[in-house]
1. Scan (1) touching a residue at least 12 places away in the same chain (Cβ under 8 Å); (2) crowded, with 16+ Cβ neighbours inside 10 Å; (3) of a type in the set (Asp, Glu) for the single condition GLU464 breaks and write down its number.
2. Go through (1) surrounded by 15 or more Cβ atoms within 10 Å (Cβ to Cβ); (2) out of contact with any strand residue (DSSP E or B) (no Cβ under 6 Å at 6 or more places or on another chain); (3) under 27 Å from SER116 (Cα atoms) and name the single condition ASP270 misses.
3. Kindly provide the set of residues from the range 50-74 that are without any contact (Cβ under 8 Å) to a residue 12 or more places away in the chain and of a type in the set (D, E, K, R), ordered by number.
4. Across the range 310-335, what is the number of residues that are touching an Asp or Glu at 6+ places or on another chain (Cβ under 6 Å) and buried (at least 19 other Cβ atoms within 10 Å of the Cβ)?
5. So which of ASP366, ASP418, ASP384 is under 18 Å from SER258 (Cβ atoms) and among the acidic types (Asp, Glu)?
6. Looking at the range 274-292 only, could you name the residues that are under 24 Å from LEU378 (Cα atoms) and touching a residue at least 40 places away in the same chain (Cβ under 8 Å)?
7. Enumerate the pairs (first residue in the range 316-333 and touching a residue at least 12 places away in the same chain (Cβ under 8 Å); second residue anywhere and surrounded by fewer than 16 Cβ atoms within 10 Å (Cβ to Cβ)) with beta-carbon separation below 7 Å, excluding pairs fewer than 6 apart on the same chain, so at least 6 apart or on different chains.
8. Of the residues GLU277, GLU252, GLU221, which single one is farther than 27 Å from GLY15 by Cβ and out of contact with any helix residue (DSSP H, G or I) (no Cβ under 8 Å at 6 or more places or on another chain)?
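The values are calculated or read from the model by the stated rules, or taken from the named source; none is laboratory data. None of these values were measured; they are calculated from a predicted model. All Cβ positions, glycine included, derive from the backbone under ideal geometry; neighbour counts span all protein chains shown.
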Amino acid sequence: MGGYALAIDIGASSGRLILGHIVDGKIILQEIDRFSNDMVQRNRHSCWDMEALLTNICRGLAKCAMLGTRPKTLGIDTWGVDYSLISTDGQCLYPAITYRDPRTESMPECLDQWVSAELLYSRTGIARQSYNTIYQLMAELSEHPELHQNGGKLLFTPCYLSYRLTGIAQNEYSIASTSGLLNAVSRTWDTEVLQAAGIPVQLLGASPVAPGTLLGLLRPELTDVLGASCNVILPASHDTASAYLAVSTDEENAATISSGTWSLLGMELDAPLLTTEARQAGFTNEGGYGGKYTVLRNIMGLWILQSIRREWNERYTFAQMAEMASRGARFSAVFNAAHERFLAPQSMVAEIITALREAGSLPPSDDEELLYCVHHSLAICYRDAVQNLAAFTGKPIQTLHIVGGGCQNRTLNQLTADATGLRVLAGPLEATALGNIIAQWIAAGDISSVAEARTLIKSSFNPEEFLPRSNNV
């Protein structure tokens, strides 16, 4: 059935190129390449190395050619909110600054002078986070007003990378929806919000297109690298939207955690959730595939563990850290793992200890207790988000799906089942790449619908089940 589809799935810490094809009614995924995505310092800012990402993409295309597995289509997905600015002649105007850069810290309060947080949420549906695109653009306009006055164009990260592959500049809906610039109901740029923020509407161009849109063919020089022509599809190019597409469930009362650097806990709905209660609880409304909304809570996720591991000079693997956490259950205190203080602290360990002390708790006595504290705190955050989601939607949640890299953390999976009291199903691992591939297959006519895709997923992947233990957290 069909041919190869290549998912270029880039997260905030690493990227991977994964080929998908169907054999005897089962989806086969093949990793072609994997690479790190490291932040670099440029012009006193923390930036993404976009040229390194493009080099790694080209290396992956060359590997496909070498293996004789040339894809018929490819699509790119990445994390949300970040972007590049290009000039009228297609040149990058400025380095791609990361959402973890501190330049935006004062911007939410600046915007409050012109539009209230309540009104902003009612229009865009996006939770107030200092790194949202709207605040990044405000900071950039303040520092470099000339960048917004020369007829340039903003392309969100996956759309910029797709532009570099095809020469066609077009933003896609799911990634644009993370920005705080898009009206949640009309799905077009909100001109009133843009005016309040001082952002010229021409910077954004036409309204974003739906996920699954055919962008165009690879540039000739890249066709030569691959050794064949290839259509570039805009999938659900926000990685969370792609991950949610890959959850093989038709259950009304199921929620999902896309677990990676961030933990995105929520569910797909037919309409945005724009209530005061949802705003106050930190829920955000992002665009999904097929006209759906992914209504979810952003929780700091495995970033905390990644930062601790880096701080410890990588002396433990992630598997070892999970095993150590399982032996640290003598420590019972928790911290708010969803707090922005953990976005980019100088020392993650010190920040956790400070947060515990501020709450009146003694610090962990060893590495095992610290790691258990992190896992336990994440599970408690998941529990609170599940309870809020059930209350806001009126859907009593019975099953929690965990997909992405974090589904391999069996300690966290079990603690999540214990804390929420829910059945947890962990997998598939490469959900984001899988959802990306599914969107390509539907666009290419290789499969007919999301329903057919989810039937294929059920027959191809077996999630691991975790049931709550009697001594719930």
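1. (2)
2. Among (1) surrounded by 15 or more Cβ atoms within 10 Å (Cβ to Cβ); (2) out of contact with any strand residue (DSSP E or B) (no Cβ under 6 Å at 6 or more places or on another chain); (3) under 27 Å from SER116 (Cα atoms), the lone unmet condition for ASP270 is (1).
3. GLU51 - this is the single residue of the range 50-74 that is without any contact (Cβ under 8 Å) to a residue 12 or more places away in the chain and of a type in the set (D, E, K, R).
4. Here is the first cut: in the range 310-335, the residues touching an Asp or Glu at 6+ places or on another chain (Cβ under 6 Å) are 324, 327-328, 331.
Adding the requirement that they be buried (at least 19 other Cβ atoms within 10 Å of the Cβ) leaves 324, 328, 331.
Final tally of qualifying residues: 3.
5. Details: ASP366 fails: under 18 Å from SER258 (Cβ atoms); ASP418 fails: under 18 Å from SER258 (Cβ atoms).
Exactly one of ASP366, ASP418, ASP384 is under 18 Å from SER258 (Cβ atoms) and among the acidic types (Asp, Glu), namely ASP384.
6. Narrowing the range 274-292 to residues under 24 Å from LEU378 (Cα atoms): 277-286.
Matches in the range 274-292: GLU277, ALA278, ARG279, ALA281, GLY282, PHE283, THR284, ASN285, GLU286.
7. Pairs that qualify, where the first residue is touching a residue at least 12 places away in the same chain (Cβ under 8 Å) and the partner is surrounded by fewer than 16 Cβ atoms within 10 Å (Cβ to Cβ), are ALA322/ARG410.
8. Details: GLU277 fails: out of contact with any helix residue (DSSP H, G or I) (no Cβ under 8 Å at 6 or more places or on another chain); GLU221 fails: farther than 27 Å from GLY15 by Cβ.
From the options GLU277, GLU252, GLU221, the qualifying one is GLU252.
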